[in-house]
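Below: one structure, written as structure tokens.
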Amino acid sequence: MNKFADIIETIKKYDRIIILRHQNPDPDALGSQKGLALTLQAAFPQKTILIGGQNAEGLKWLSTMDHIKNDDFKGALVITTDTANTPRVDDDRYDQGDFLIKIDHHPNDEAYGDQLYVNTDASSSSEIIADFIEDCDDLTLTKEAAYYLYAGIVGDTGRFMYPSTTEHTMCVAGRFLALGIDAAGINQKMNEITLQQAKLQGELFDRLKVDESGAAMAVIDDDLMNKLGINQEQANSVVSTPGRLGEVFAWLEAVQKHDDTYRIHLRSKGPVINELAKEHDGGGHPLASGANAKDLEEVDQMYNKLIKIVTDFKKGE
Ligand code: AMP
């Protein structure tokens, strides 16, 4: 039985389909959203397919959103990709449609939607969309859709570096390349940083605290972002940077927000950090999660917990 059979049957029933994804989108959120939209539009040209959410300034080269009116939601099928929980859906009207489908690869902490498909073994939601296309006779993978799905997989696997990359991930990527997508061009685009972001990397290493356990942390505050002329979204480009240090096992980066609270990015090479994220208004994958801290004191508390997590992990090795 095709594991996506119910979903494709639902899709066939609706004339208007709105595809949403999470706030502060990354390439996987945008890639899975746009890759699915292009695929459905190619298979069902008579349907209206819309993609929604805030545009991501630094990722406009990848995709830009449609303007979706309140009326568009009436009687529509809404599909979310890459969005673990409802507060993270990048459109409050996600529940104003007729039917809601969730497609995701994050832990299913909130099993929302009238239908859902969650596979935490998938490297990315883009990989799931590729599986969906492969499994459904009504759908065909186009070169155009493959471009976006490839970007999503590259984004979430850190260019096939993270342990979430499987044999299947590589096979899926191979199918995209067989269609003739410009993989090197996408890789190059995703590797690019501005001079300011390069300077931020230097500042980050200057500020990085590295504990003897292998836990590390850095704060990127307003003063630094103003000095370099970058915003919060651009600051996110250095989130994976501390992991390049061999002695660092898990790390957090705290980026100051306009309301003086902090967006926390947690990353790990082994110790599980998503429970820590959940304790601080966040969540995500075992090795990559996001959270929030109201002030620097809470950031320090999180760092101390991270030190304990890494220490316990090493004892258990
Ligand atoms: P970030 O550090 O914001 O890049 O997030 C890392 C990963 O955790 C991404 O896959 C996010 O989608 C996920 N994530 C971030 N915040 C949350 C949250 N509040 N709930 C669930 N997943 C999250």
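The values are calculated or read from the model by the stated rules, or taken from the named source; none is laboratory data. Keep in mind it's a predicted model, so treat the numbers as computed, not measured. In this analysis, Cβ positions are derived from the backbone assuming ideal geometry, glycine residues included, and neighbour counts consider all displayed protein chains. With ligands, DNA and RNA removed, areas are computed over all heavy atoms of the protein, side chains included. Shrake-Rupley method; radii C 1.70, N 1.55, O 1.52, S 1.80 Å.
Taking packing as the residue-averaged number of other Cβ atoms within 10 angstrom, the listed peptides 288-297, 250-259 run from highest to lowest as 250-259, 288-297.
Relative to the longest principal axis of the Cα atoms of the chain, the long axis of helix 195-207 makes an angle of roughly 40 degrees. Dividing the convex hull volume of the alpha carbon atoms of segment 67-210 by its residue count gives 173 Å³ per residue. Given +1 at the Cβ of Lys and Arg, -1 at the Cβ of Asp and Glu and no other charges, the dipole of segment 141-275 around its Cα centre is 460 debye to the nearest 20.
By the Cα gyration tensor, segment 235-310 has an equivalent ellipsoid whose semi-axes, rounded to whole angstrom, run 18, 14, 11 from largest to smallest.
Compared with the alpha-carbon gap, the fully stretched path from Gln196 to Glu233 is longer by 12.1 nm at 0.36 nm per residue.
Counting other C-beta atoms within 10 Å, and keeping those with at most 13, which DSSP coil trypsin sites (Lys or Arg not before Pro) do you find in segment 1-98?
Working: sites: Lys3, Lys12, Lys13, Arg16, Arg21, Lys34, Lys47, Lys60, Lys69, Lys74, Arg88, Arg93; in loops: Lys3, Arg21, Lys47, Lys60, Lys69, Lys74.
For trypsin sites (Lys or Arg not before Pro) across segment 1-98 that sit outside H, G, I, E and B with at most 13 neighbouring Cβ atoms in 10 Å, the list reads Lys3, Lys60, Lys69, Lys74.
Largest to smallest in accessible area, the residues Met65, Met170 fall in the order Met170, Met65 (1.4 Å probe, all protein chains included). Solvent exposure of segment 5-190 amounts to 42 Å² per residue of accessible area, where only protein heavy atoms count and the probe is 1.4 Å.
Here the dipole of the chain is about 600 debye; that uses its Cα centre as origin and unit charges on the Cβ of Lys and Arg (positive) and Asp and Glu (negative).
Based on the alpha-carbon gyration tensor of segment 192-237 and its eigenvalue square roots a ≥ b ≥ c, which shape applies: rounded if a/c is under 1.5, prolate if not and a/b is larger than b/c, or oblate? Walk me through the numbers on the way to the answer.
Working: a/c = 2.39, a/b = 1.90, b/c = 1.26.
Prolate is the answer for segment 192-237, as a/c is 1.5 or above and a/b outweighs b/c.
With only Lys, Arg, Asp and Glu charged, each at its Cβ (+1 for the first two, -1 for the last two), find how big the charge dipole of segment 5-190 is about the Cα centre; round to the nearest 20 debye. Display every interim value, and only then the final one.
On the way: 16 positive and 30 negative charges, 121 e Å.
Dipole size: approximately 580 debye.
What is the Å³ per residue value for the convex hull set by the Cα atoms of the chain?
On the way: hull volume 43.3 nm³, N = 317.
Enclosed volume per residue, from the Cα hull, is 137 Å³.
Ignoring aspartates and glutamates fewer than eight residues from Lys12 along the same chain, the ones with Cα atoms less than 17 angstrom from its Cα are Asp98, Asp114, Glu134, Asp135, Asp137, Asp138. Taking all Cα-Cα distances within segment 146-194, those exceeding 18 Å account for 23%.
Cα centroid separation, segment 275-293 to segment 1-52: 27 Å.
Going down the list Lys47/Lys257; Lys189/Lys257; Lys102/Lys308; Lys74/Lys278; Lys13/Lys143, which pairs span over 31 Å between their C-alpha atoms? As for pairs spanning more than 31 Å Cα to Cα, those are Lys47/Lys257; Lys102/Lys308; Lys74/Lys278. All other residues whose Cβ lies under 13 angstrom from that of Asp28 are scored, Lys and Arg at +1 and Asp and Glu at -1, for a net of -2. In this structure, Lys278 and Met170 have a Cβ-Cβ separation that, at R0 = 30 Å, corresponds to a calculated FRET efficiency of about 0.45.
In segment 131-283, the inverse of the mean reciprocal separation of distinct Cα atoms equals 17.6 Å; this is its Kirkwood hydrodynamic radius. How large a share of the accessible area of the chain, in percent, is made up of carbon and sulfur atoms when the probe is 1.4 Å and the other protein chains stay in place? Exposed carbon and sulfur together represent 46 percent of the surface.
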